[in-house]
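*Asks:* If you scroll down you'll find the structure; I have some questions about it.
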Amino acid sequence: MTDAARPVALARTAAVIPAAGRGVRLGPGAPKALRTLGGTPILIHAARAMAASRAVSLVVVVAPPDGVDGVKALFDEYPLPERTDVVVVAGGAERQDSVRHGLAALPDDVSVVLVHDAARPLVPVDTVDAVIEAVREGGAPAVVPAVPPADTVKEVEPTADGSPERVLGTPVRARLRAVQTPQGFDRATLERAHAEVTGEVTDDASMVERLGLPVVTVPGHEEAFKVTRPLDLVLAEAVLARRRVTDGF
Ligand code: CTP
Ligand code: MG
């Protein structure tokens, strides 16, 4: 069905959650999405963050290929609110492969897609809603939550062995943004990007950029950081502890 032919009443928003990575930078242990924060798996936090938005009626979780049944069982143990459907599919070797597998599982009536890293368990619902809202307004087919970087960023000539790297330049910091997820898309545009763009990419919006289509930012949130290295687990536990105090969670 073309977008124009898709009845508005049937237009749904779905979230695809790539969760098939090992979490190598986090060090030895269970796959990152299955490690716990405050006793609850990181993936469950991330799925709840998507389901917290009233607009999201479907969550597609992309599990490690050997972990599909385990992840299905996890959602039996930690059910999402009843209005949110959950589908679990197997991931691929690279993040883009996992996202593609997730997109393939979307039903016809979905017209807006969020792609959200399982590794960002603490994104606030206001950020999720702001992304969805901006996609629905239709100003651009791709919307990313973004924050100004705290650090000055340099471009270097990378060395693999830890020896000093030659600095090639320093982009003006005021023009830089660190981007987070959920990234929001017009479904047809994201599917086209995944069908046509090849090569190494680290987020979905950059694939839309490669099509020459506009991508815009909305304000991200410091709590939407990606759990990547061991210190991030410490920070995430601290954010959860603060929420328990301030929100009575
Ligand atoms: N991801 C995925 N499939 C892959 C690789 C990554 O679904 N083949 C997911 C991860 O599970 C994560 C998100 O993409 O939720 C962002 O990736 P990243 O933070 O890099 O996670 P990992 O790849 O698991 O971590 P690392 O790079 O340290 O191994
Ligand atoms: Mg990775």
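The values are calculated or read from the model by the stated rules, or taken from the named source; none is laboratory data. Everything numeric in this text was worked out from a predicted model, so none of it was measured. With ideal geometry, Cβ positions are generated from the backbone for all residues, glycine too; neighbour counts draw on all protein chains shown. Remember, those area values only see protein heavy atoms, side chains included, never the ligands or the DNA or RNA. Shrake-Rupley method; radii C 1.70, N 1.55, O 1.52, S 1.80 Å.
*Asks:* Do we have any residue at all in segment 76-99 that's modelled with pLDDT of 95 or more, in contact with a Pro (Cβ under 7 Å, 6 or more places away or on another chain) and surrounded by fewer than 19 Cβ atoms within 10 Å (Cβ to Cβ)?
*Replies:* yes
*Asks:* Also, I was wondering about something else. Any residue at all in segment 93-112 that is under 25 Å from A178 (Cβ atoms) and in a strand (DSSP E or B)?
*Replies:* Yes, segment 93-112 contains at least one residue that is under 25 Å from A178 (Cβ atoms) and in a strand (DSSP E or B).
*Asks:* Scan segment 21-50 for residues that are within 11 Å of ligand 1 (Cβ to nearest atom), open to solvent by less than 20 Å² (accessible area, probe 1.4 Å) and not in a helix (DSSP H, G or I) and jot them down.
*Replies:* G23
*Asks:* Moving to a separate point now. Any residue in segment 137-144 that is within 10 Å of ligand 1 (Cβ to nearest atom), without any contact (Cβ under 8 Å) to a residue 40 or more places away in the chain and assigned to a helix (DSSP H, G or I)?
*Replies:* Looking through segment 137-144, none of the residues is within 10 Å of ligand 1 (Cβ to nearest atom), without any contact (Cβ under 8 Å) to a residue 40 or more places away in the chain and assigned to a helix (DSSP H, G or I).
*Asks:* Here's something else I'd like to know. From the set of residues in segment 59-92 that are assigned to a helix (DSSP H, G or I) and within 13 Å of ligand 1 (Cβ to nearest atom), which is farthest from the chain's Cα centre (by Cα)?
*Replies:* Per the stated criteria, the residue is D66.
*Asks:* Looking only at helices (runs of 4 or more DSSP H) that fall completely inside segment 168-249, which ones have 2 or more residues that are open to solvent by 30 Å² or more (accessible area, probe 1.4 Å) and in contact (Cβ under 8 Å) with a residue 60 or more places away in the chain?
*Replies:* Correct list: 187-196, 230-247.
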